[in-house]
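Notes for the one structure printed next.
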Amino acid sequence: MRFKRMAIAPIVALSVAACGADGPSEVSGTRDDVRHVAAVKEKSHKEKKTERVCTRKVNGKCKSYRTDTIWKKVVDRAAKPARYCVELDNVNGSDKDDDVWYTVHQADYTKALFKAEDEGLKFTPVHAGCW
């Protein structure tokens, strides 16, 4: 069984590396707008659960029990990372590609934030769209 897992590991590593090569390439255009959605912290609570556990069996039947208390974490609201988006006009020099949103890293967002509207901007987006 161990040898099968070892043979699969290089295949998985190569497939992950291949997926990264097809990511979005560098885009350029004029800055139109920026948007920032703050990170959300996880909100959770613990629930108490009791469980009866057999401590002594005689002839296959349980003769005494013990009650165990288990605390289970329940997530009420999942955590979400912050999202930084930039809207470009004239994407890669095309007049038809206006009002295109890109999700970017925080450093690129900060650069775009301090540039004037309709000023040139070039960055590598995380992905197209702002979702």
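Computed from the coordinates by the stated procedures, all read-outs in this text should not be read as laboratory data. Predicted, not measured: the structure shown is a model, and the values here were computed from it. Quick reminder, even Gly has a Cβ in these numbers, built from the backbone with ideal geometry, and neighbours come from all protein chains shown.
What's the FRET efficiency of K49 with R77 using the Cβ-Cβ distance as r and R₀ = 22 Å, to the nearest 0.05?
Numbers: r = 21 Å, r/R0 = 0.97.
The value I calculate is 0.55.
Restricting everything to alpha-carbon atoms, can you work out Rg to Rh for the stretch 19-124 with a Kirkwood hydrodynamic radius? Don't jump to the answer; show the numbers that get you there.
Working: Rg = 27.3 Å, Rh = 18.5 Å.
When Rh is taken as the Kirkwood radius, the ratio is 1.48.
Between A128 and C62, what length in nm is gained on full extension when 0.36 nm per residue of separation is reduced by their alpha carbon distance? Intermediate values should be presented prior to the final figure.
On the way: separation 66, 0.36 × 66 = 23.76 nm, distance 6.13 nm.
Here the segment from A128 to C62 would lengthen by 17.6 nm.
Could you pull out the pairs from K43/K80; K80/K122; K43/K72; K49/K73 whose alpha carbons sit more than 19 Å apart here? Kindly include the intermediate steps, with their values, before the conclusion.
Details: K43/K80 11 Å; K80/K122 27 Å; K43/K72 14 Å; K49/K73 11 Å.
Distance filter (> 19 Å) returns K80/K122.
Can you list the HN-Hα couplings for the stretch 104-117, worked out from phi with the Karplus curve (6.51, -1.76, 1.60; θ = phi - 60°), rounded to whole Hz and with x for Gly and Pro?
Per-residue couplings from phi come out as 10, 6, 4, 4, 5, 4, 5, 4, 5, 4, 8, 8, 6, 5 Hz.
Please sort 83-93, 34-44 by packing, taking for each peptide the average over its residues of neighbouring beta carbons within 10 angstrom, highest first.
On the way: 83-93: 18.6, 34-44: 11.7.
Highest mean packing first, the order is 83-93, 34-44.
Quick one: Karplus J couplings for the stretch 61-75, per residue in order, coefficients 6.51, -1.76, 1.60, θ = phi - 60°, nearest Hz, x for Gly and Pro?
10, 7, 9, 9, 10, 10, 9, 9, 9, 10, 9, 10, 7, 10, 8
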